[in-house]
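J.: I am attaching a structure below and will ask some questions about it afterwards.
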Amino acid sequence: MDLDALAGCLSSSACLVTQTTSGFIIGMLLFLVAVGLTLIFGVLKVVNFSHGAFYMFGAYFAMTAYQLTGSFALAMLAGAAGTAILGLVFERVFMSRVYGADVLMQLLVCYAFVLIFDDVVRIIWGPEFKSMGMPSAFQVMPLFIAGGVVPPYYLLLIGVALVAAIVLGIGLSRSRIGKVIRAAAHNPGMVSALGINTGLIYGGVFALGGMLAGLAGALAAPVRSLTPGMGFSVLIESFIVTVIGGMGSILGALIGALLLGLIRSFGSLGFPLFTEGLMYLFMVIVLVSKPTGLFGKEAA
């Protein structure tokens, strides 16, 4: 425990800006993964334990596309689109067969594919660590805000995640498709009786969740090392985010992810050996005070 280092950072504007930015980066990446996870759970009522694999595939798809084309935009598109297609196929071929089954059965199927996907990555890209590298457009001087160092790529990452949050929130609340998705989450039988293909809705939601996780992986690729199994730690933290924010809540996923990112960033200064423990401790405190999470709703 090093409270002096934490106090010194809080009293320094430069350190405060740097650590807050780092916390936002962690939080925004977690949000993109967690919001897909909570969206799938909210509509399909399935805990997708294999969700972290889509984050991993998004990173590898983006790296491969960048190496082939040299275009960062195409790399992001490849990461998002590739995992959307993978998510759709995975849901239609495998997950659709365990809807309504015992939760243990769903978890076993998902965990089996976690291991399968990790081995697929090892076969295609190899077991060693990979690095995409920072795109040349962002290899520029960092910004200095109140003495703190902020790389321009961090601002892009935060901006993309915020745009995704806004589009997702408005789309689900105001668009016709969003209303159908919310109706399917509450009463799929009635939606099906109205002649709407619920299977198509489920597939689309799963593809959207996979796309968001893949986008997170693609955005993380320039600043993180790529390795088989890299999605598992992100998955665990995403579960913490959804529990803190409230299962099924997009706003809760955003707030929970930002809080968790800041806890990791500042906790690494004051409690370097207990950073992981701080996240779980915060989760316990939230659940004790509000079992449904910060923005969760009581079951009817």
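J.: May I ask you to say which residue of Leu156, Leu168 is open to solvent by less than 40 Å² (accessible area, probe 1.4 Å) and closer than 30 Å to Pro228 by Cβ?
T.: Values: Leu156 fails: open to solvent by less than 40 Å² (accessible area, probe 1.4 Å).
Only one candidate qualifies: Leu168.
J.: Restricted to segment 178-189, and to residues that are in contact with a helix residue (DSSP H, G or I) (Cβ under 7 Å, 6 or more places away or on another chain) and over 18 Å from Met95 (Cβ atoms), which residue is most open to solvent (accessible area, probe 1.4 Å)?
T.: Here the residue is Arg182.
J.: So how many residues does segment 43-65 have that are in contact (Cβ under 8 Å) with a residue 60 or more places away in the chain, small (Gly, Ala, Ser) and touching a Ser or Thr at 6+ places or on another chain (Cβ under 8 Å)?
T.: Total meeting the criteria: 2.
J.: Okay, moving on. Considering every residue within segment 194-211, establish whether at least one is hydroxyl-bearing (Ser, Thr, Tyr), open to solvent by 50 Å² or more (accessible area, probe 1.4 Å) and modelled with pLDDT under 85.
T.: Checked against the condition, which is being hydroxyl-bearing (Ser, Thr, Tyr), open to solvent by 50 Å² or more (accessible area, probe 1.4 Å) and modelled with pLDDT under 85, segment 194-211 yields no hits at all.
J.: Answer yes or no as to whether Phe117 is touching a residue at least 12 places away in the same chain (Cβ under 8 Å), closer than 18 Å to Ala218 by Cβ and exposed (fewer than 14 other Cβ atoms within 10 Å of the Cβ). First the steps, then the outcome.
T.: Values: touching a residue at least 12 places away in the same chain (Cβ under 8 Å): yes; closer than 18 Å to Ala218 by Cβ: yes; exposed (fewer than 14 other Cβ atoms within 10 Å of the Cβ): no.
So Phe117 fails the test.
J.: Filtering segment 58-76 down to residues that are hydrophobic (A, V, I, L, M, F, W, C) and open to solvent by 10 Å² or more (accessible area, probe 1.4 Å), which residue is nearest to Ala183 (Cα to Cα)?
T.: Step one: list which residues in segment 58-76 are hydrophobic (A, V, I, L, M, F, W, C), which gives 59, 61-63, 65, 68, 72-76.
Imposing the further condition that a residue be open to solvent by 10 Å² or more (accessible area, probe 1.4 Å) reduces the set to 61, 65, 68, 72-74, 76.
Working: Phe61: 33, Ala65: 37, Leu68: 42, Phe72: 37, Ala73: 35, Leu74: 34, Met76: 31 Å.
For segment 58-76, the residue satisfying everything is Met76.
To keep it simple, each residue is scored yes or no on (1) open to solvent by 50 Å² or more (accessible area, probe 1.4 Å); (2) assigned to a helix (DSSP H, G or I).
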residue: Leu235; (1), (2): no, yes
residue: Ile240; (1), (2): no, yes
residue: Val243; (1), (2): no, yes
residue: Gly256; (1), (2): no, yes
residue: Ile263; (1), (2): no, yes
residue: Leu269; (1), (2): no, yes
residue: Tyr280; (1), (2): yes, yes
residue: Val284; (1), (2): yes, yes
residue: Lys297; (1), (2): yes, no
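J.: Residues that are outside any helix (DSSP H, G or I) and acidic (Asp, Glu): does segment 90-111 have at least one?
T.: Yes, there is a match, as at least one residue in segment 90-111 is outside any helix (DSSP H, G or I) and acidic (Asp, Glu).
J.: A follow-up question, please. Can you say whether Val241 is in contact with a helix residue (DSSP H, G or I) (Cβ under 7 Å, 6 or more places away or on another chain), within 23 Å of Leu172 (Cβ to Cβ), of a type outside the set (Phe, Trp, Tyr) and at pLDDT 90 or above, as far as the supplied structure shows?
T.: So Val241 passes the test.
J.: Oh, and also: Does segment 214-228 include one or more residues that are modelled with pLDDT of 90 or more, surrounded by fewer than 21 Cβ atoms within 10 Å (Cβ to Cβ) and part of a helix (DSSP H, G or I)?
T.: No, the conditions are met nowhere in segment 214-228.
The values are calculated or read from the model by the stated rules, or taken from the named source; none is laboratory data. Note that the coordinates shown come from a computational prediction; the quantities given were computed from them, not determined experimentally. Cβ atoms come from the backbone with ideal geometry, glycine included; neighbour counts cover every protein chain shown. These accessible areas exclude ligands, DNA and RNA; they are computed on the full protein's heavy atoms, side chains included. Shrake-Rupley method; radii C 1.70, N 1.55, O 1.52, S 1.80 Å.
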